Amino acid sequence: MSPPPSAMRPMRIIVCIKQVPKAQELQVDPVTQTLKRVGVPSEINPPDANALEIALTLKDRHAAEVVVLSMGPTSFDESLERAVAMGADRSVLLTDRILGGSDTVPTAYALSETIQKIGGYDLILTGEETTDASTGHVGPGIAGHLDLPQITYVSEVQIVDGKVRARRTAEDGTEWWQTDMPSLCTVNFGCNKPRSPTLTGKIRVKRGGVIVHWSCADVGIDPKKVGLLNSPTIVAKVDTIRLPPRAGRMFSGDAKESVRALLDALIRDGVVAP
Amino acid sequence: MERFDAIVVGAGPAGSSAALTLARKGFSTLLVERGRSPGVKGMFGGRIYSWALQDLLPDWAKDCPVERYVVRENMVFLTEDASLGISFDSTKLGQGRAASFTAVRAKFDGWLAKKAQDAGATLVTGIRVDDLWKEDGQVRGVMVAPNDRVGADVVVIAEGATSILTRAAGLKADLEPREVSVGVKETIELPAETIQERFGLGEKEGAAFVFAGQSSLGLRGGGFLYTNQSTISLGLVVSSEDLSRKKVEIQEVQNRFRLHPAVQRWIRGGKVVEYSAHLVPELGAGMMPRLWGDGVLVAGDAAGFLINNGYTFRGVDLAIASGIAAGEAANAARTAGSMRAANLAAYDRFLRASNVLTDLERFRRAPLFMKNERLFDLYPRMLMEIAERLYTVDGSGQQRLVDAVLEQAASADVPKLKMLLDLLQGARSM
Amino acid sequence: MLEDKSHFRGVWVFLEGRAGGLRDVSTQLIGEGRRLADLRGTPLTGILPGHGVDPLAERAIGYGLDRVIVVDDPMLEIYRSRPYAQVMAQLIRRQKPEIVLFGASKNGRDLGGRLHAILETGLAADCVKFDIDAEGNLDMIRPSFGGKSLAHILCKKHRPQMASVRRNVFVAPPHNPDRRGEIVHEQVELSEQDLDAKLLEFDEFTKEGGLRPEEADIVVSGGFGLGDPKNFQLLQDLADRLGGAIAASRKAVDSGWVPKTLQVGQTGMTVRPKLYIAVGISGAVQHLAGMQESDKILVINIDPKAPLFEIADYGIVGDLFEVLPEMIRQLDALKGGGVAGPPALPAEAR
């Protein structure tokens, strides 16, 4: 555990992001049945953008350094650049062929090791889940590896008296939690409006030096714990969904006629009580 | 806060030319474009006169994305159901400094911006500069938001026709409807071989057309057609005043234009793949803002540098030349000690040296003349009727040209004196 | 954990308490867990960390468990990630179950995510179906991106095989108060450090607007076509006549018209009501994933080409601002102003 931030040392916030195909542009490759990633417009996974916005808001209010971390191919530089242009201080891309095909276990492990190499962190933020894989496992997995307090499904984070306060959307209500630093929070999709990149930020990116690439060797990640073959889960096969065939009965005419016919049908079919 | 010696707003032909010139002169230069990439937001008819480019980049022809070199000029008068065309071919056309070519803005602007970057300019895209940062009347940089400013000794405004920064700089009042026309363009796909065969062109050769008269449904304006490699640019520039007065949608005007038989014969079988519209500054020298101030210069369409003299459109070459001139002016001011207006006034000198201002002034009456409604309705019809009389051989007695003209003039509802004046005015302004 | 698979035996279900009872998803999972345990010929165990939860353990047996392991500690009174993960990890390492099932509630996902990394084992999220394959592995089936396909996930070497399941994917088994089972109290090492988060405040969601979409038999869902947040009142009026709940598509939520708690779709709720009425929703693939297994689907949209019509049982191409008021009018006329609800169903209908 690192010492709490003092006035001398700014708080270090690490935000884990992933680059995903743009939501409206999602295309499934008909041959491999996996998501098309090449040649498809990409964006920062929207919940991660919400997490980044929370980090940047904290930076607006407190002395803080925001480091953005991602794991993936070098094409992820695009999102890291965008994050810096939005206001993050610097970024790290863990990129290595041997990471290919990792499921959430190696991913959480690899990111945890990288976070430890960055060191001196006070708060780790990430989106609640990704729009492409939608497991929501990696954030909590990192907390498990690093043995940190974890608060998931958070919409707001405050720093009060050197402690983290987070507003969590639980099943039955809203909870306010408090933890010491360092801790980890996963952030709700849509809880805020991520800011746009600034001109100043884009100039910083152009000047260079805002992204650093690390390989597994650079970080000290054990190759035997990452990659497709070292992932506990595999996708054995993919079926096309066989949904129940739908009757597809259309009711036409003016509103009065069509609704009359519709209600008759619904009642006759026992879907709605007479 | 970030700082540069010079900031150029807009990475179109004017902006990139200014940035390239400035970078070469040792200015640390920021080039800011609001589109995702240069050329995405810009629009033009389709042809670039290359003389200014030759000044900027002597080797331009090596890798410039040229669609076709124009070897044939055409002028076509239209009425609802007839057309009269003049076609000019000459081996001397398009030689050396006079060479002109058709282009696609996304490619051309991208190429030119890359040249600016190669020379050392920093290009940032996807950011719209909303305001200038001014202190005591001196422009000190640009401002996107109160906490997002970049400082500079001089700012070159090259934003295009809808420039808001010229107003912010205090150099110009708001655009008035009479100063602005609406330009629309459709890109129509046709295989290169079809284009070459139909237009009688060789492999890298192109044709340019200007349409007058009913092309714009009697609204003041003109049509154009340019051949690209495997597409055709077809469009109109129409008075926005007329559009609102006659309550017509520009799309409707374009549709009717496209469907005219004289146009259809060229584009038949083609598929419209893109549609764009843009404001066009129309009054030339008549509407120019003041071109420089303390720490600021205006170039390209933002300065109203466009010439439409009825038989050709010029914009990109003037933009490039003015961008170069702006760079030269900033350099001269730096040598003179400061970026105050008195020193930046050198801009005027450089613009005259490349004939930008001279040409604009020479044709300053053209826009006013082009507003003469008779040009778009009465005179084309008269021309058609003359031509009809001349070309109708049906045994009822063939007319001589001079008689046809005189008879036509007599039967027109316009006093002969007025027509003579129009003729004189036209001659002087074109 | 990577260890000889033959050491692992038994099917476990993580039981999550709620207001003195069990969460729906926990009881639903006991039913499915029972089926899997029978297929494997092994016992079905519920794990119940908490404080003072013995009565709950007793009740849980009645849904089909053979055994409940209770870990009772004041530190476990409310859910916290670290101590709960500690409990599960220690129990799992000690007793080596082959399969562990979690309800994919907020806490369930919170726990599963942390735990699977600690144990270095596979966790498949949001499964909709399970099978046992020829080699005795748990075949974990979940919608693959977009909901148009089903992916079969296997955890071949690592144990336990873990999976999470969302509410209402399975049906809760009937409760048998006479069922007998074992209740075991286990001790787990917990320290002060495990109490690493402090709950400062809890504001319960009030049940205004009544019925939750996941609980309703009829759902009236609105999309971008509504055009304005105030038009959701129209949906509520219709839902009231039908005894149903309102919901929304992601676009309506993103536009700020309704809270995210009403969102149906891949990143929202999954609902499988008897009747899903989609009003002004075009039918993006991510929305389908949240409702395509509804018994009956009625689509009302002004665009005849809306993709959602492809999975409609009933459809009206028309202006929802005419159709909906007409439906309300006619329903009122049928009932003479009362509420027309879903017909009473025999117990085993679902």
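The values are calculated or read from the model by the stated rules, or taken from the named source; none is laboratory data. Here the structure is a predicted model, which means the values were calculated and not measured. Ideal geometry is used to build each Cβ from the backbone, glycine not excepted, and the neighbour counts take in all protein chains shown. Just the protein is used for accessible areas: all its heavy atoms, side chains included, with ligands, DNA and RNA removed. Shrake-Rupley method; radii C 1.70, N 1.55, O 1.52, S 1.80 Å.
Given a 10 angstrom Cα cut-off, can you work out which residue in B:75, B:419, B:384 is the most mobile in a GNM of chain B?
Looking only at B:75, B:419, B:384, the biggest GNM fluctuation is shown by B:419.
Probe of 1.4 angstrom, ligands and nucleic acids ignored: what's the accessible area per residue over the protein assembly as shown, in square angstrom?
Working: 44120 Å² over 1054 residues.
On a per-residue basis, the protein assembly as shown sits at 42 Å².
What accessible area, in Å² to the nearest ten, does a 1.4 Å probe give for residue B:418?
Counting only protein heavy atoms, residue B:418 exposes about 100 Å² to solvent.
Structure shown: which of B:185/C:251; A:117/C:198; A:22/B:134; C:251/C:274 lie over 31 Å apart, alpha-carbon to alpha-carbon? Show your work: numbers first, answer last.
Numbers: B:185/C:251 34 Å; A:117/C:198 29 Å; A:22/B:134 39 Å; C:251/C:274 24 Å.
Correct reply: B:185/C:251; A:22/B:134.
As I understand it, the value is the acute angle between the Cα axis of helix A:104-118 and the longest principal axis of the Cα atoms of chain A; what does it come to in degrees, rounded to 10?
Compared with the principal axis, the helix lies near 30 degrees.
Compare A:89, A:48, A:239 in a GNM of chain A, Cα atoms joined below 10 Å, and give the one with the largest fluctuation.
Maximum among the listed residues: A:239.
Note the buried accessible area between C and A here, summed over both chains, with a 1.4 Å probe, in Å² to the nearest 100.
Counting protein atoms only, the buried area is about 7000 Å².
Quick one: Karplus J couplings for the stretch C:251-262, per residue in order, coefficients 6.51, -1.76, 1.60, θ = phi - 60°, nearest Hz, x for Gly and Pro?
Each residue's phi maps through the Karplus curve to give 4, 5, 5, 4, 6, x, 7, 9, x, 5, 5, 9 Hz.
Would you count, across the stretch A:142-274, every pair of lysines whose alpha carbons are under 29 angstrom apart, provided the pair is eight or more residues apart or spans two chains?
5
Which of the peptides C:275-281, B:255-261 is most tightly packed, and how do the rest follow, judged by the mean count of other Cβ atoms within 10 Å per residue?
Highest-to-lowest ranking by the protection proxy: C:275-281, B:255-261.
Of the options A:252, A:263, A:233, report the single residue whose Cα projects farthest towards the positive end of the charge dipole of the stretch A:185-267 (beta-carbon charges: Lys, Arg +1; Asp, Glu -1).
Checking the options against the dipole of the stretch A:185-267, the answer is A:233.
Placing unit charges on C-beta atoms (Lys and Arg positive, Asp and Glu negative, everything else neutral), compute the dipole magnitude of the stretch A:189-267 about its Cα centre in debye, rounded to 20.
So the dipole magnitude of the stretch A:189-267 works out to roughly 440 debye.
At a probe size of 1.4 Å, how large is the accessible area of residue A:137, to the nearest 10 Å²?
Ignoring ligands and nucleic acids, residue A:137 comes out at about 10 Å².
For the stretch C:1-160, rounded, prolate or oblate, judged on the Cα gyration tensor with a ≥ b ≥ c (square roots of eigenvalues), a/c < 1.5 rounded, else prolate if a/b > b/c?
rounded
Determine the distance separating the Cα centre of the stretch C:114-143 from the Cα centre of the stretch A:219-268; give it in Å without decimals.
About 20 Å separates the Cα centre of the stretch C:114-143 from the one of the stretch A:219-268.
Where the centre of each part is set by its Cα atoms, how far does the stretch C:18-38 sit from the stretch A:112-170, in angstrom?
What the calculation gives is 29 Å, centre to centre.
When the Karplus curve 6.51 cos²θ - 1.76 cosθ + 1.60 is applied with θ = phi - 60°, which whole-Hz ³J(HN,Hα) does each residue of the stretch B:124-140 get, with x for Gly and Pro?
Each residue of the stretch B:124-140 in turn: 10, 10, x, 10, 9, 7, 8, 7, 9, 9, 10, 9, 6, x, 9, 6, 10 Hz.
Quick one: grab the alpha carbon gyration tensor of chain B, order the square roots of its eigenvalues as a ≥ b ≥ c, and give me rounded if a/c is under 1.5, else prolate or oblate depending on whether a/b is larger than b/c.
It comes out prolate by the Cα gyration axes.
What residue among C:60, C:289, C:134 shows peak mean-square fluctuation when chain C is described by a Gaussian network model with Cα springs under 10 Å?
C:134
Taking beta carbons within 10 Å but only from partner chains, what does the mean come to for residues A:96-108? Don't jump to the answer; show the numbers that get you there.
Numbers: counts 0, 0, 0, 0, 0, 0, 0, 6, 7, 9, 2, 1, 6.
What the average comes to for A:96-108 is 2.
Out of the total accessible area of the protein assembly as shown (probe 1.4 Å, heavy atoms of protein only), what percent is carbon and sulfur?
Result for the protein assembly as shown: 51 percent of the exposed heavy-atom area is carbon or sulfur.
Under a cut-off of 16 Å between alpha-carbon atoms, report the lysines in cross-link reach of residue B:62, not counting same-chain residues fewer than 8 places apart.
B:107, B:114, B:115, B:204
Rounded if a/c is under 1.5, else prolate if a/b beats b/c, else oblate: with a ≥ b ≥ c from the C-alpha gyration tensor eigenvalues square-rooted, which is the stretch C:260-302? Before the final figure, lay out the partial values.
Values: a/c = 1.66, a/b = 1.17, b/c = 1.42.
Cα axes put the stretch C:260-302 in the oblate bin.
By how many degrees, between 0 and 90 and to the nearest 10, does the Cα long axis of helix B:105-118 differ from the longest principal axis of chain B?
Taking Cα atoms only, the helix is inclined about 30 degrees.
Within the set of other residues whose C-beta is less than 11 Å from the C-beta of residue C:82, count the net charge using Lys and Arg as +1 and Asp and Glu as -1. List each step's numbers first, then the result.
Details: positive: C:80, C:114; negative: A:147, C:110, C:194, C:196.
Net charge in that neighbourhood comes out at -2.
Compute accessible area for the stretch A:155-178 by itself and then with all protein chains, 1.4 Å probe, and report residues whose area falls by 40 Å² or more.
Those are A:168, A:171, A:172, A:174, A:176, A:177, A:178, which lose 40 Å² or more relative to the chain on its own.
If you take each beta carbon of peptide A:251-261 and count the beta carbons of other chains within 10 angstrom, what is the mean?
Numbers: counts 8, 5, 2, 4, 13, 5, 1, 9, 13, 3, 2.
Taking all residues of A:251-261 together, the mean is 6.
When the helices in the protein assembly as shown are scored as -39500 (n - 2.57) per DSSP H run of 4 or longer and the sum is shared across all residues, what 222 nm value do you end up with, to the nearest 500 deg cm²/dmol?
-9000 deg cm²/dmol
Counting only protein heavy atoms, probe 1.4 Å: which residues of the stretch B:133-151 lose 20 Å² or more of accessible surface in the full assembly compared with their chain by itself?
B:148, B:150
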